[in-house]
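Some notes on the structure that comes next.
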Amino acid sequence: MTTPNKGRRELPLVQLLPNMMTVAALCAGVTAIRMAITGQIRKVFAEDPKVFDPRTYLKPAMTAMQALCEERYQQFGTAGNASKIKSIPLSEMAKRYADGSLDPKFG
């Protein structure tokens, strides 16, 4: 009989809490973006219930999403750092996953 948790690592609470806080923050950010989009779509539908073309209601939704993201970039001090991000080809990422260099490291 095999144990379902065999080989599973246990995370110390000190490492688990920051990870949980990061997940919660990401969820909150995604929720804020979703609410900004939904609010703009509902506004367009309320102003003109006959609107059918997605281009009509998605344009203000995308603008609201962009404004929210730009605001968050400013708040968290990440604005202006895009040039520091170097793209990596998919083949290179596949190698990194295969050789384990992207595996989480604890302790």
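The values are calculated or read from the model by the stated rules, or taken from the named source; none is laboratory data. All values derive from a computational prediction rather than experimental measurement. Quick reminder, even Gly has a Cβ in these numbers, built from the backbone with ideal geometry, and neighbours come from all protein chains shown.
Evaluation of GLN66 against the conditions (1) in contact (Cβ under 8 Å) with a residue 24 or more places away in the chain; (2) assigned to a helix (DSSP H, G or I) shows that the sole unmet condition is (1). Being at pLDDT 90 or above, among the β-branched types (Val, Ile, Thr) and either more than 30 Å from ASP48 (Cα to Cα) or in contact with a helix residue (DSSP H, G or I) (Cβ under 6 Å, 6 or more places away or on another chain) (or both) is the filter here, so list the residues in the stretch 60-96 that pass it. Of everything in the stretch 60-96, just one residue is at pLDDT 90 or above, among the β-branched types (Val, Ile, Thr) and either more than 30 Å from ASP48 (Cα to Cα) or in contact with a helix residue (DSSP H, G or I) (Cβ under 6 Å, 6 or more places away or on another chain) (or both), namely ILE88.
Quick check: is even one residue across the stretch 38-58 under 26 Å from THR22 (Cα atoms), within 24 Å of the chain's Cα centre (by Cα) and either surrounded by 10 or more Cβ atoms within 10 Å (Cβ to Cβ) or basic (Lys, Arg) (or both)?
From the stretch 38-58, those under 26 Å from THR22 (Cα atoms) are 38-39; that's our starting set.
Still in the running and within 24 Å of the chain's Cα centre (by Cα): 38-39.
Add one more test, that the residue is either surrounded by 10 or more Cβ atoms within 10 Å (Cβ to Cβ) or basic (Lys, Arg) (or both), and what stays is 38-39.
Looking for residues that are under 26 Å from THR22 (Cα atoms), within 24 Å of the chain's Cα centre (by Cα) and either surrounded by 10 or more Cβ atoms within 10 Å (Cβ to Cβ) or basic (Lys, Arg) (or both), one finds at least one in the stretch 38-58, hence yes.
Only one of the numbered conditions (1) polar (S, T, N, Q); (2) outside any loop (DSSP other than H, G, I, E, B); (3) closer than 26 Å to VAL30 by Cβ is violated by SER87, and that is (2).
Look at the stretch 31-48: where a residue is touching a residue at least 12 places away in the same chain (Cβ under 8 Å) and of a type in the set (Gly, Ala, Ser), no partner that is surrounded by fewer than 12 Cβ atoms within 10 Å (Cβ to Cβ) and in a helix (DSSP H, G or I) sits 6+ places away or on another chain with Cβ atoms under 7 Å.
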